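A.B. asks: Below is the structure I would like to discuss, written out as structure tokens.
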Amino acid sequence: MDEPQGFLAKVLVWAVPIVFAIILHEIMHGVVARMLGDDTAARAGRLTLNPLAHIDPFGTIILPGLLLFAHAPVFGYAKPVPVDFSRLHPQRVGMIAVAAAGPLTNLTLAVASAFILRRLLALPEASVSHTTMLMSQIALASCLVNIEIGIFNLLPLLPLDGGRVLAGLLPPKLARSFARVERYGFLILLVLLYTNTVNAVINPIINAMVRALL
């Protein structure tokens, strides 16, 4: 199968999976929170697939676009779904479940995308059309994007989801000390990204998942 050509086609192939992956990631935080007693996200109108409710102009559009144009690894983020962790029951287990819901959703989407891609690639040559080729590229992009977003967000650093999972697992005293690091979390993350430390940690995991699924 020949890949769809042109920058616009490339934007389409990557933009659809990125936006869907980011939005569903945030929605599932709110869905699990509501199941455990906190309806803050629901009352804020954030449990919807309408992109306008979730899009952060920089994180959802500008940043992924710049990275795509620069041929760099593509990632982004949506407006965080509001969650009142004090309303969750049970609170500590609820915090872990809500935090883990986003990355686990992305990894589930990666598995589903890989399954769809395999089915499309198994079609007889005579039935392959431009639409089929485009769908195959979108499925491949969806698999890769969701693996990257899922694994990246599981890093045990606040304010990432993995950091919230770790905070929920730590004894209360250690969790409070760890939570105080969150104010510096974004700066720490930028340093780790700049020094390629993040890539050194997550790339072997991402590559292993890509090999396993594709």
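Since every read-out is calculated from the coordinates, none of them should be taken as a lab result. Quantities reported herein were computed from a predicted structural model and do not represent experimental measurements. Note that we place each Cβ from the backbone using ideal geometry, even for glycine, and neighbour counts take in every protein chain shown.
A.B. asks: Where Rh is the Kirkwood radius over the Cα pairs of segment 11-138, the temperature 4 °C and the viscosity 1.567 mPa s, what D in µm²/s does Stokes-Einstein return?
C.D. replies: Answer, rounded: 80 µm²/s.
A.B. asks: So how do 103-116, 125-138 stack up, highest first, on mean other-Cβ count within 10 Å?
C.D. replies: So the order, starting with the most tightly packed, is 103-116, 125-138.
A.B. asks: I would also like to ask the following. Can you compute 3J(HN,Hα) from phi for each residue in segment 173-178, using the Karplus curve 6.51 cos²θ - 1.76 cosθ + 1.60 with θ = phi - 60°, rounded to whole Hz and x for Gly and Pro?
C.D. replies: Calculated HN-Hα couplings, in order: 5, 5, 5, 5, 5, 5 Hz.
A.B. asks: Take every Cα-Cα pair in the chain and report what % of them are more than 32 Å apart.
C.D. replies: 21 percent
A.B. asks: Taking the Cα atoms of segment 124-214 alone, what are Rg (to one decimal) and Dmax (as a whole number) in Å?
C.D. replies: Cα radius of gyration and Dmax of segment 124-214 are 18.4, 64 Å respectively.
A.B. asks: Going toward the positive end of the dipole of segment 7-154, with +1 on Lys and Arg Cβ and -1 on Asp and Glu Cβ, which of SER127, LEU47, TRP14 do you reach last?
C.D. replies: Most positive-ward Cα: LEU47.
A.B. asks: Next question. Assigning unit charges at the beta carbon (Lys, Arg +1; Asp, Glu -1) and nothing else, what dipole magnitude in debye, to the nearest 20, does the chain show about its Cα centre?
C.D. replies: Its charge dipole is roughly 660 debye.
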